[in-house]
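Remarks on the structure that follows.
The values are calculated or read from the model by the stated rules, or taken from the named source; none is laboratory data. None of the values given here were measured: they were computed from a predicted structure. Please note: Cβ atoms are built from the backbone with ideal geometry, for glycine as well, and neighbour counts cover all protein chains shown.
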Amino acid sequence: MATTTVKTETFVGKRIRRREDPRLITGTATYVEDVQMPGMHYAVILRSPHAAARIRSIDTKQAVAAPGVVCVFTGKDIKGVGAVPCGIAMPDLRVPPHTILATDRVYFVGHPIAVVVARDRYLARDAADLIEVDYQVLPAVADPEKALAKVVKQRIVSQRLVPMAMETRGVVAEWHGADRQLNLYTSTQIPHLVRTLVAGMLGLEENRMRVIAPEVGGGFGSKLNVYAEEALTGYVSMKIQKPVKWIESRRENFTCTIHGRGHVDFYEIAAKRDGTILGIKLKLIQDVGAYHQLLTPLIPQLSVLMMPGLYNTQNIRADIVGVFTNCVPTDAYRGAGRPEATHGIERMVDMLAAELQMDPAEIRLKNFVTKDKFPYPTATGLVYDSGDYATPLKKALDLVGYHKLRQEQADARKQSKYMGIGISTYGEICAIGPSPATPAGGWESATVKIEPSGKVTIMTGACPHGQGEETTFAQIAADELGVGLDDILVLRGDTAVVQYGIGTFGSRATAVGGSALYYALQDLKAKIKKFGAMLLESEDVTLTGGKVICNKTGNSKSLQEIAGATYRALKLPPNTEPGLMATRFWEPPNFTFPFGAHIVVTDIDGETGQIKIRRYVAVDDCGNILNPLIVDGQVHGGVAQGLGQALWEQAVYDDNGQLITGELMDYAVPRSHMMPWIESHHTCTPSPVNPLGVKGVGEAGTIGCSPAVVNSVVDALSPLGVRHIDMPLTPEKIWKLLATKN
Amino acid sequence: MIAQKFEYTAPKSLDEALHLLASGAKPIAGGMSLIPMMKLRLAAPEHLVDLRALKDLSYIREAGGQLHIGATASHYDVESSALLRQKCPLLTETAAAIGDVQVRNMGTIGGSVAHADPAADYPAALQALEAKFVLQGAKSERVVGATDFFVDAFTTALEPGEILREVIVPIDDARTGTSYQKMAQPASGFAIVGVAARVRQNAGKISFARLGITGLSNRAYRASASEKALEGKSSTPADIQSAAALVAQGIDANSDLHASADYRRHLAVVHASRALKTALSRIA
Ligand SMILES: Cc1cc2nc3c(=O)[nH]c(=O)nc-3n(C[C@H](O)[C@H](O)[C@H](O)COP(=O)(O)OP(=O)(O)OC[C@H]3O[C@@H](n4cnc5c(N)ncnc54)[C@H](O)[C@@H]3O)c2cc1C
């Protein structure tokens, strides 16, 4: 009789260390820059130093003649390549044609003009200096409001930010003329969409192109795009019939990869005297930049969708004005539209509380959509899936010791000390999303193969790139199949290996991609049971602990034995094919709507204006938690980027359209020593939208953070009559307020 | 971010290095300032001579009642030197305030001083310490004091072909207290304003005061008006306040994205007062 010991160890819900980390922290992962090929050529792009100019002429003679140079292409040389795509269609949306190289006009500093190709990247770089471009410089517009008439209301700015992935972009293109095959390695969040769109731009059949996203060193939305350089590098490789590598410099990353935010919002909020919110009105000005990139027009729409926040009001009005400027385009950056909206709403609710002399916690508790109202339809057309908004706020208030802190604050104020307590209660739109509500399909795909040896291979269309799904997806499969984590391999990021997929963004990979995986696993389990029943000659079987067990005799067949039998196929169950593989494309019925409460306690140096964060309490509800370690990591990273926006980061263009914070010596990305201790806690309200009950947590930290920080600092300075301060909250801004109001 | 072509030599001796420098080569030490400029093509030296290849140039030692620091001593060497911690804590405190760990591991005192970035930290401390700099050329050697050494932004008394070989600082007695106070620019770590204070007390009165200021103007300088105002005073908060108020007197303050001239001037006063208070509190 076979052994009936059943493996009982489960993985979901545990703090499992990330399986992707060893290669990342030992420097053995393969990024685009690490891809080497015999005969590699190197591309360097000449870019416009002017924000707005007419190109009178381009002289490439000297560059072409320079040592080691193979060829130089300018905009006029490029034939038959389609425009860089904008994926959003709307009535009246003006989408200017966006060629991969400029021809007669340039519209932002960094606009690509020519590409130099050489056997050596140093020689290519030197030759780029030899190209002579005759520009007629034109006046530039860098400030979106300068292009518009004045409106006076509460103006709240979500400044332009540089997404700042640690790995800059890069492309290696390898054209095999004889096979009519283009392999494109690119640092992207969306390899399949890049394949469809770049193949289209190059006029290549989609099945003749393979896109590989090797290790991706951070995206945050900046690699959720289709860029001119992807098509350009492919084009050059096809022309010279050689592999070509282009690696973006940090300087190019600053000026040529999309920026985030860049919203100027004018808010109005109306309420009854008792604090009941009646409605919210918004005029949103989006700094588009020089072109619409893939999702540029979608970002302010996400802001508007998010406008009700967690509050029970059906009166919402919004107008969006997109303004073209002579700056690099804006597009999705961690949170994409929701941080901007949450920042505005949470600031307005605090202002309302101050106006009505109510406590900011109390006014929120009064206006929350209550637990019994879910699913809750919003005025903006969404249906919030599940929620319990008061619980995380109350938990955060308890954790921080709110009432004692308010007493301490009252005492501090008597001694002219500035101490602030800031609350933000955020909601967000995750698991993007049902296909009808997304530009490219909102489903996700998964394939699970059980090899003849019983080892499990997962292929996810979601293309996670560092978020931890190599671990969480293995956890899900391990528990469903009753195998160990080491029996499982998760593959992603290669269109020749993985079935069509959408990608990782909008906190969707686990909620949508994990659900596709879950359903593929159910298909496989049914088949495993069928084969097990056949082999055990019994209908009454259970699949557990990696075995199919006969409930009567206790006899069992291991997954390995069954997998072997499905491929050997000596005998098949009725109406059953050999092999063990299942693919699912799962279409989510709705978005998910995570939420939470962040409370920030600040102390302000009355002499210098410096802000010190004393406490940071985050209570996030992202539904079921598959791996608390990974969830905390996502919250920490999100909060770091939220603090970056609140306190330090700003992409500043001068009036001539020059980016004056164009290097890391001037653009302040938070570093570890600048971080406060984050007290990360959770409540759990499972989502009814997907079988895992998960909601998504990739962007929560960023969304919850910035209003909590600004509310805290405004609270500290409120005795001086301060009502609002725009980000980043530099010490000088605070000092000026202290100096003028005191 | 690709530098122009250049030659590189790791010299075997100081003589070899000086010989190459005399024929137009440029020294490189930690490379923390030079390499970024080369990558941005703001500097394009044809030949680099690596001073860190000279093993015997990173010493920190006491001799003749003074402290001698070799040019290639890294910020980390200075920060972690037990000798300096005991005999010149102002320098260890200042070194520890520079940039981040990576920069402190690579960057050198000689490179920082020779580069003379107007926002660098060391120059404030070296002004307050009245440091002496040993400058050596192929043929001769000379010693220049801090007040004469720092000429302008990125400009020092170094002549072409000369290197800064050694920094010399005094050893103070137990009646002296020091402190370095800075506000860091959040992106680079450089000083928006940094103030180094060095004060001596005798029978309850300040007998000697030195204040070195960096970040405020084109070069690190000594705030002599404040120093004079302090001497003979009994160090009450009011004494300190009125002396600190003079630190930026007559100074044309820098203004940039990170801080306006007014704010910098204000910060100089605040940090001078804090540095003085801390320095006085440290007197044994
Ligand atoms: C990210 C970052 C943050 C930083 N933050 C700070 C900070 O907070 N505070 C601060 O003070 N500095 C800061 N720095 C600068 C840092 O301290 C540098 O190390 C220092 O300014 C230059 O020293 P180096 O040894 O690297 O010199 P290098 O870069 O090698 O050389 C700088 C210049 O000095 C010349 N030179 C070098 N050694 C000698 C010598 N012995 N004699 C003559 N000429 C010489 C070189 O030719 C070159 O012109 C920062 C740098 C970076 C990259």
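Structure notes:
- Beta carbons closer than 6 Å, at least 6 apart along the sequence or on distinct chains, pair a first residue in the stretch B:95-116 that is away from every other protein chain (no Cβ under 14 Å) and free of Cβ contacts under 8 Å to residues at least 40 places away in the same chain with a second that is acidic (Asp, Glu) and more than 8 Å from the ligand (Cβ to nearest atom) for B:ALA95/B:GLU79.
- Yes/no for B:TYR180 being at pLDDT 95 or above and within 14 Å of another protein chain (Cβ to nearest Cβ): no
- Residue check for B:LEU20: more than 8 Å from the ligand (Cβ to nearest atom), assigned to a helix (DSSP H, G or I) and touching a residue at least 60 places away in the same chain (Cβ under 8 Å): no
- Yes/no for A:ALA569 being of a type in the set (A, V, I, L, M, F, W, C) and within 14 Å of chain B (Cβ to nearest Cβ): no
- Hits in the stretch A:661-683 - residues which are out of contact with any Leu (no Cβ under 6 Å at 6 or more places or on another chain), within 14 Å of chain B (Cβ to nearest Cβ) and not hydroxyl-bearing (Ser, Thr, Tyr): A:GLY662, A:GLU663, A:LEU664, A:MET665, A:ASP666, A:ALA668, A:VAL669, A:ARG671, A:HIS673, A:MET674, A:MET675
- Here the strands (runs of 3 or more DSSP E) wholly within the stretch A:201-299 that include at least 2 residues being basic (Lys, Arg) and either touching a residue at least 12 places away in the same chain (Cβ under 8 Å) or farther than 30 Å from A:MET351 by Cβ (or both) are A:277-289.
- Within the stretch A:486-520, tally of residues that are assigned to a helix (DSSP H, G or I) and either surrounded by fewer than 24 Cβ atoms within 10 Å (Cβ to Cβ) or among the small types (Gly, Ala, Ser) (or both): 11
- Output for the stretch A:105-127, where each listed residue is closer than 21 Å to A:VAL236 by Cα and away from chain B (no Cβ under 14 Å): A:HIS111, A:PRO112, A:ILE113, A:ALA114, A:VAL115, A:VAL117, A:ARG119
- Here B:ALA229 does not fit the description of being in contact with a helix residue (DSSP H, G or I) (Cβ under 8 Å, 6 or more places away or on another chain) and within 14 Å of another protein chain (Cβ to nearest Cβ).
- Among the criteria (1) in a helix (DSSP H, G or I); (2) surrounded by 23 or more Cβ atoms within 10 Å (Cβ to Cβ), the one A:THR602 does not fulfil is (1).
- Looking only at the stretch B:88-147, and only at residues there that are among the β-branched types (Val, Ile, Thr) and more than 9 Å from the ligand (Cβ to nearest atom), the one that is nearest to A:SER672 (Cα to Cα): B:VAL101
- Of the criteria (1) among the aliphatic types (A, V, I, L, M); (2) touching a residue at least 12 places away in the same chain (Cβ under 8 Å); (3) in a loop (DSSP other than H, G, I, E, B), which one A:ALA178 fails: (2)
- Among (1) assigned to a loop (DSSP other than H, G, I, E, B); (2) surrounded by 20 or more Cβ atoms within 10 Å (Cβ to Cβ); (3) away from chain B (no Cβ under 12 Å) - the single one A:ASP655 does not satisfy: (2)
- When B:HIS75 is tested against (1) without any contact (Cβ under 8 Å) to a residue 60 or more places away in the chain; (2) within 12 Å of the ligand (Cβ to nearest atom); (3) surrounded by fewer than 22 Cβ atoms within 10 Å (Cβ to Cβ), just one condition goes unmet, and that condition is (3).
- Of the residues making up the stretch A:549-568, those that are outside any strand (DSSP E or B), within 14 Å of A:LEU536 (Cβ to Cβ) and not acidic (Asp, Glu) are A:ASN551, A:LYS552, A:THR553, A:GLY554, A:ASN555, A:LEU559, A:ILE562, A:ALA565.
- Per this entry, B:ILE28 is counted among residues that are near the ligand (Cβ under 9 Å from one of its atoms), closer than 24 Å to A:ARG251 by Cβ and away from chain A (no Cβ under 14 Å).
- Matching residues in the stretch A:699-742 - criterion: being hydrophobic (A, V, I, L, M, F, W, C), under 28 Å from the mean Cα position of the chain (by Cα) and not in a helix (DSSP H, G or I): A:ILE725, A:MET727, A:LEU729
- Filtering A:MET665, A:MET675 for residues that are surrounded by fewer than 22 Cβ atoms within 10 Å (Cβ to Cβ) and in contact with a Ser or Thr (Cβ under 6 Å, 6 or more places away or on another chain) leaves a single hit, A:MET665.
- Pairs where the first residue, in the stretch B:252-276, is touching a residue at least 12 places away in the same chain (Cβ under 8 Å) and at negative phi and the second is among the aliphatic types (A, V, I, L, M) and part of a helix (DSSP H, G or I), C-beta under 6 Å, 6+ apart: B:ALA253/B:ALA261; B:VAL269/B:ALA244; B:ALA272/B:ALA244; B:SER273/B:ILE240; B:SER273/B:ALA244; B:LEU276/B:ILE240
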